Amino acid sequence: MIRAGRAALGALALAVLGAACSATPSAERAPGAPTSTRVAAAAAAERSATTVAPTTTSPAPSTITSTLRGPADPAGAGDAYFPLLGNGGFDVAHYDVAIIANPPATTDIVVRATITAVATATLATFDLDLTGMTITSVAVDGGAATFTRYGAEVVIVPALTISFGATFVTIIEYSGTPARLVDAEQTVIGWQRVGTTSFVVSEPNGAHNWLASSDHPSDKAAFTFRIEVPSAVTAAANGHLMSAVEANGRTTYVWDAPEPMATYLAIVAIGAFTIVDEATHGNVHIRHVFPTPLASQLTSVFARTGEMLDVLTSLFGPYPFADYGALVIDARLGYALETQTLALFDRQIALSSSTDIFQVHELAHQWFGNSVTARLWRDIWLNEGFATYAESLWHERTDASFDIDASMRSLARRTFAPIRDPGPDAMFTRSVYDRGALALHALRIDVGDETFFAIVRTWVAERARSNGSTEELIALASRLAGRDIGPLVERWLSADPMPALTR
Ligand SMILES: [Zn+2]
């Protein structure tokens, strides 16, 4: 993700050699609160982001809500930032998501999610994450299942206990207008509408306002979307458009995204869009989804996508997916998001003079964040630090007059808070982006260009379509450098004040 006027300023500071930018985001704050305080804050943040609309919620069993749970807990994936997101006991392999939408007549959607998962424990019950909506039926392996709800948890009791290691299929049907969720910075997340356009922006914890899911990046899965809409509008989603079949004034769009994807990277957009199919570039099929009145202008704006793919591929290794393109929302949202294979940009960012930098940032996320996804949200710098540093690497490769070292030294004269464990309220502050990029530049200075780019390419190759952690990156860097890189990286992530860049 990148926000206009926040991370974007960082991008511009990098783009213009020596540019001094003293703006410090007001939301930036130093972490360091005791763990118990952080966890309490996380739980409070999650509550604020998940209990907005009245639901058919049952009271929470006290034994379930009274304690925080570990990785084996059915109600959460073990992430202290969002203790109840994700679910223990199973691993989702595939979401088949059928959506019926009827804009502009109604904001309600009807969803039938078919979830194929593998049990990692013997399951007499299991949980899904879903807030709001009215659930009409749940079936497991063809048999009716009972369910109860508390908060954003749906506790499902299948008719038969699911064996350890078994693949099982859950079909959950629900409908309603998705609840309004906001993140820690009061940005609306999840399924939302602007005018008559519906779209999804879920980072970090918004996907469960429209998708019954295991809503945590540690549980990635393939997705198929079947979206039925009035034929006057177009429906887009991640991956490849397999078919668009019209019957009786309605069109069903089937989009298939076979590569594993975190729930926060799922995108659905419904509105007056034109799908612009570009020629295949190398092995990558480029297609964009633009607001119809802007389609021709935006086709020019995104004309360098193939060139960007070439440059980033030369730096990081093969592009990790089959498709790529931009989705532009004709509104002023104030951010762009790296939704997998179809990155979202608002109109203001797409048409800004620094659009190329935003485009490079979101494209770089396809390697860093989307293919290699931070396993826990505290490691968000792995997503944003790499994507931010990629902006400077793009300049280094495409502008002979750009001195990346001078630019990073200029950036390093500013003050950034530690980012090793920023807390759920500070995951998208400038420090995470810019100090993350500086940590990578410091590593590059320390190990040299050859080893640095070997580390980067090995990181994305070994962890492709999977997850990673700070500890795992340090272990890899130390292995390839032939010495312990841990103290250097930890200092750059944790020291307060921030270290100086040294040769
Ligand atoms: Zn980003």
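With respect to the numbered conditions (1) in contact (Cβ under 8 Å) with a residue 40 or more places away in the chain; (2) within 11 Å of the ligand (Cβ to nearest atom), which one is the sole condition not fulfilled by Asp425?
Only one criterion is unmet by Asp425, namely (2).
Residue check: is Ala481 surrounded by fewer than 15 Cβ atoms within 10 Å (Cβ to Cβ) and not polar (S, T, N, Q)?
no
Which one of these does Pro499 not meet: (1) crowded, with 16+ Cβ neighbours inside 10 Å; (2) in contact with a helix residue (DSSP H, G or I) (Cβ under 7 Å, 6 or more places away or on another chain)?
(1)
Is it the case, given these coordinates, that Asp219 is in a loop (DSSP other than H, G, I, E, B), at negative phi and in contact with a His (Cβ under 7 Å, 6 or more places away or on another chain)?
It is false that Asp219 is in a loop (DSSP other than H, G, I, E, B), at negative phi and in contact with a His (Cβ under 7 Å, 6 or more places away or on another chain).
Could you check the stretch 314-328 and list, in sequence order, the residues that are crowded, with 17+ Cβ neighbours inside 10 Å and among the hydroxyl-bearing types (Ser, Thr, Tyr)?
Tyr319, Tyr324
Only one of Phe358, Phe345 is more than 18 Å from Phe453 (Cβ to Cβ), in a strand (DSSP E or B), within 14 Å of the ligand (Cβ to nearest atom) and hydrophobic (A, V, I, L, M, F, W, C). Can you tell me which?
None of the others qualify; the one that does is Phe345.
When only residues in the stretch 329-356 that are among the small types (Gly, Ala, Ser) and under 19 Å from Glu203 (Cβ atoms) count, which is surrounded by the most Cβ atoms within 10 Å (Cβ to Cβ)?
The residue in question is Ala336.
(1) loosely packed, with under 15 Cβ neighbours inside 10 Å; (2) not in a strand (DSSP E or B): which one isn't true of Val118, the others all being true?
Val118 satisfies every listed condition except (2).
Could you please find all residues in the stretch 155-178 being more than 20 Å from Asp96 (Cα to Cα) and crowded, with 23+ Cβ neighbours inside 10 Å?
Selection gives Ile162 alone.
Of everything in the stretch 129-154 that's β-branched (Val, Ile, Thr) and surrounded by fewer than 19 Cβ atoms within 10 Å (Cβ to Cβ), which residue is nearest to Thr263 (Cα to Cα)?
Top of the filtered list is Thr134.
What is the one condition in (1) touching a residue at least 12 places away in the same chain (Cβ under 8 Å); (2) surrounded by fewer than 20 Cβ atoms within 10 Å (Cβ to Cβ) that Asp399 does not satisfy?
(1)
Could you grab me the full set of residues in the stretch 147-186 that are aromatic (Phe, Trp, Tyr) and within 18 Å of Val201 (Cα to Cα)?
Within the stretch 147-186, none qualify.
In the stretch 424-435, is there at least one residue being within 28 Å of Val311 (Cβ to Cβ) and touching a His at 6+ places or on another chain (Cβ under 8 Å)?
No, the stretch 424-435 contains no residue that is within 28 Å of Val311 (Cβ to Cβ) and touching a His at 6+ places or on another chain (Cβ under 8 Å).
Throughout, read-outs are computed from the coordinates displayed, never taken from laboratory work. Worth saying up front: this structure is predicted, and the values here are computed from it rather than measured. Counting neighbours? That spans all protein chains shown, and the Cβs are built from the backbone with ideal geometry, glycine included.
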